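A.B. asks: One structure is given below, represented as structure tokens, and several questions about it will come after.
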Amino acid sequence: MSIGVVVFPGSNCDRDVQWATEGCLGMPTRRLWHEDTDLSGLEAVVLPGGFSYGDYLRCGAIARFAPVLQSLLDFASRGGRVLGICNGFQVLTELGLLPGALTRNRDLHFICEDAQLQVASARSPWLRAYGTGGTLTLPIAHGEGRYQCSDETLRQLQDDDAVALRYGSNPNGSVADIAGITNPAGNVLGLMPHPERACDEAIGGIDGRAMLEALLS
């Protein structure tokens with residue numbers, strides 16, 4: 001079984017993900033061009049960071065119509081694991097696999113720094129290794145990472161125990177300090193921080209390793 005990494009025109013973190021999953025963790029990884037529709041043989045699919053389709057209109061708004069994502073809807077409905085990182089998180093909200101929206105950062109500036117995070121819920125397999133209340137540090141790099149949703153949606157996320165990660169010090173104005181959420185089933189995770197950039201002690205720590213290892217656990 002292997003991992004699929006979707007590549008859109010404008011993706012710039014697809015090779016980072018492949019380097020982490022294949023190079024650091026030894027997971028067979030297949031790159032999926034945005035026009036591919038065959039997800040057979042894949043254990044999980046990652047939507048990486050970047051600027052899919054140049055982020056024209058708004059982040060992820062065009063990517064949601066890519067043929068590969070129509071196959072992803074079925075893949076996720078059958079319990080396949082889906083991880084959306086940064087732009088990938090934005091795409092998942094546009095696609096409707098996750099609720100809410102990612103908008104311009106509170107101060108309207110691009111942010112690139114390490115973020116202290118707390119695991120709000122380890123219900124999902126993605127975060128089970130950290131435990132609820134666990135802390136980790138992952139880099140963030142985004143201009144539109146401010147998570148917003150209605151009060152009703154926020155209550156539903158909390159009722160579903162679907163708030164996965166919260167910022168220790170909210171860098172972008174996200175509602176309820178949210179840095180990542182899951183779907184009710186827990187097999188789909190979207191987050192703004194980059195776990196693939198924290199898999200090697202020499203260049204950025206290893207706090208992201210357990211999250212990526214969950215792709216095949």
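The values are calculated or read from the model by the stated rules, or taken from the named source; none is laboratory data. Predicted model, so just to flag it, every value in this text is computed and none were measured. So basically every Cβ, Gly included, is an ideal-geometry build from the backbone, and we count neighbours across all protein chains shown.
A.B. asks: Tell me which residues, restricted to the range 94-145, are hydroxyl-bearing (Ser, Thr, Tyr), over 15 Å from PRO195 (Cα atoms), modelled with pLDDT of 95 or more and within 16 Å of the chain's Cα centre (by Cα).
C.D. replies: THR103, SER121
A.B. asks: Do any residues in the range 135-152 that are in contact (Cβ under 8 Å) with a residue 12 or more places away in the chain have Cβ atoms under 8 Å from those of residues that are acidic (Asp, Glu) and surrounded by 17 or more Cβ atoms within 10 Å (Cβ to Cβ), where the two are at least six apart or on different chains, and which pairs are they?
C.D. replies: Listed by first residue and then by second, the contacts come to LEU136/ASP207; THR137/ASP207; LEU138/ASP207; GLU144/ASP55.
A.B. asks: Tell me whether the range 107-118 contains one or more residues that are touching a helix residue (DSSP H, G or I) at 6+ places or on another chain (Cβ under 9 Å) and buried (at least 18 other Cβ atoms within 10 Å of the Cβ).
C.D. replies: The answer is no, given that none of the residues of the range 107-118 is touching a helix residue (DSSP H, G or I) at 6+ places or on another chain (Cβ under 9 Å) and buried (at least 18 other Cβ atoms within 10 Å of the Cβ).
A.B. asks: Quick one: in the range 193-217, of everything that is under 22 Å from VAL45 (Cβ atoms) and in contact with a helix residue (DSSP H, G or I) (Cβ under 6 Å, 6 or more places away or on another chain), which residue is surrounded by the fewest Cβ atoms within 10 Å (Cβ to Cβ)?
C.D. replies: ALA214
A.B. asks: Go through the range 72-124 and give me each residue that's within 29 Å of SER40 (Cβ to Cβ) and small (Gly, Ala, Ser).
C.D. replies: ALA76, SER77, GLY79, GLY80, GLY84, GLY88, GLY96, SER124, listed by residue number.
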